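Read-outs: derived from the displayed coordinates by stated rules, not from any lab. Just so it is clear, the model here is predicted, and its values are computed rather than measured. Neighbour counts are summed over all protein chains in view; Cβ atoms, including those assigned to glycine, are modelled from backbone coordinates with ideal geometry.
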Amino acid sequence: MIPAGSHAAWHPFFESVAYAAGYAVFRVQRARRGDVVAEPQRWTVLAAAAVGALVGSRVLGLAEQWPTLLIAWNSGQLLHVLLSPGGKTIVGGLLGGWLAVELAKRVSGIRSRTGDLFAIPLCLGIAIGRIGCFVAGLADDTFGKPTALPWAVDFGDGIGRHPTQLYEMLFLTCLAVFLARSDRWEWREGTRFRIFLASYLAWRLTIDFLKPQPLAAGLNVIQWACIAGLTALAVLQVRDRFTTPQEVYEPTTH
């Protein structure tokens, strides 16, 4: 049993560890694979990703809390809710960062696909961050619905629930292993990141059925965002197949 709220302070710690570990793996990946953009352009991409992820995470996080926003609007507390530190989502961060990078590349004239180096670091970072979500218990709102399964976790209120945070850690570990072994295949630049993003969005679309979230037409806001992201990826994939030459990535050794 995890006492309710007693470990919430660990969440920022594991978030910090996630950022540090993700960046360390990114540096290793960059040293092994080489960079597809020059130094000034790299920082443009990183800055766009950071800003886009921050904005996207917050916007979708607030949209996810639409019942709370309605109550806050009626009670005159909307500004307080908007300025509160909570209300962030990984899906919003990924989609916001992806969109911001694509816009920044278009403005800067960067034609290379820059996402491959981020795929495995993101898997690792999100997985470590989910440890913080798990130990935060009921305070984090990432737990699953009640279940009688033998691995159900009591987060402190006497109710066994799906440990959806642990499910996600296992999924991301398997995805990271798959991506790490994919160097043996010749794929077009950017394919690894698209596989990561599509896999994670499909995962969240599925696993969120096990979470007690406010619904809109049978799905929660995160699931609708996942559908939008998967649709955009599918459109881009079809467009690229018919309009772009087949570029492949060839690993380099240093």
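Across the range 131-201, Cα pairs under 8 Å and at least six residues apart give a relative contact order of 22 percent. When a/c reaches 1.5 or more, the comparison of a/b and b/c decides; with that in mind, is the range 80-210 rounded, prolate or oblate per its Cα gyration tensor? Oblate. The modelled label-to-label distance for the pair Tyr167/Asp183, using points 7 Å beyond Cα in the direction of Cβ, is 3.3 nm.
For the range 101-135, the set of trypsin sites (Lys or Arg not before Pro) satisfying both a DSSP loop assignment and a count of at most 16 other C-beta atoms within 10 Å is given as Arg111. Think of each Lys and Arg Cβ as +1 and each Asp and Glu Cβ as -1; about the Cα centre, that makes the dipole of the range 10-243 roughly 800 debye.
The simple spin-label model puts a point 7 Å past each Cα toward its Cβ; for Gln237 and Arg42 those points are separated by 3.0 nm. Set the Cα radius of gyration of the range 10-243 against 2.2 N^0.38 Å, with N its number of residues, and you get 1.06. Using Cβ point charges alone (K and R +1, D and E -1), the dipole size of the range 150-219 about the Cα centre works out to roughly 240 debye. Mean separation of Cα pairs under 8 Å and 6 or more residues apart, divided by the residue count, gives the range 10-243 a relative contact order of 23 percent. Given a Förster distance of 45 Å, report the FRET efficiency between Thr147 and Ala31 from their Cβ-Cβ distance, rounded to the nearest 0.05. With a Förster radius of 45 Å, E is 0.55. Rounded to 0.05, the FRET efficiency of the Phe13 and Ala50 pair, given R0 = 25 Å and the Cβ-Cβ distance, is 0.75.
Averaging the Cα positions of each part gives two centres, and for the range 202-244 and the range 97-117 these lie 21 Å apart.
Along the positive direction of the dipole of the range 132-185 (beta-carbon charges: Lys, Arg +1; Asp, Glu -1; about the Cα centre), which of Tyr167, Phe155, Gly137 reaches farthest? Going by the Cα projections, it comes out as Tyr167.
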